[in-house]
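Some notes on the structure that comes next.
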Amino acid sequence: MFLLYISTVCASWAYEFVVNDGRSYIVTKERVEEKLLEEYVGKVTYYSTQEGYYNGNFSNSYPKGTQYYAIQGISPNEVIAIQSQTGDYYKAYFDREYGGSDDSIQPKQHSEIAAEYEKKDYSIVILSVLLAAFVAMIITISASVIKNHRI
């Protein structure tokens, strides 16, 4: 069961992203003030946590219907704002052209932002596995003690 959990965690994308009109954007934790938003530029039409290529305005972390906006003074070809479920807006930086199921499409340029978000923190997974091992050890010891001290 824990191996299934670990393999599921490890199979996820390296970073959160959205796709808008065939362009992939890496979502950051940089907030955008609502007063800096300009026109609506799109929304998530398909959501999945499973790796793969999908058609439409796709996201691996934001649900269907999540809206994208242009930001004052910044070209939407470079950066867009993503509305979170909490109502906050976050910057998403252009990373590459996104090509649906066309495997021949390669990233134009893997930005520094992508590299930053590729670093995964597996500490919670490691702690979960260690805790599970500890609990299993306690159960095994308890069962052995109960078996040897029958009343």
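Computed from the coordinates by the stated procedures, all read-outs in this text should not be read as laboratory data. Keep in mind that this is a model prediction, so the values were computed, not measured. For neighbour counting, all protein chains shown are included, and Cβ atoms are generated from backbone atoms with ideal geometry for every residue, glycine included.
Annotations for the structure displayed:
- Using 0.36 nm per residue and subtracting the Cα-Cα separation, the extra length available between H149 and Y40 on full extension is 32.2 nm.
- Using the Cβ of Y62 as centre and a radius below 11 Å, the other residues enclosed give a net charge of +1, where K and R count +1 and D and E count -1.
- Each label point was placed 7 Å from the Cα along the Cα-to-Cβ direction; for L131 and S75 their separation is 4.7 nm.
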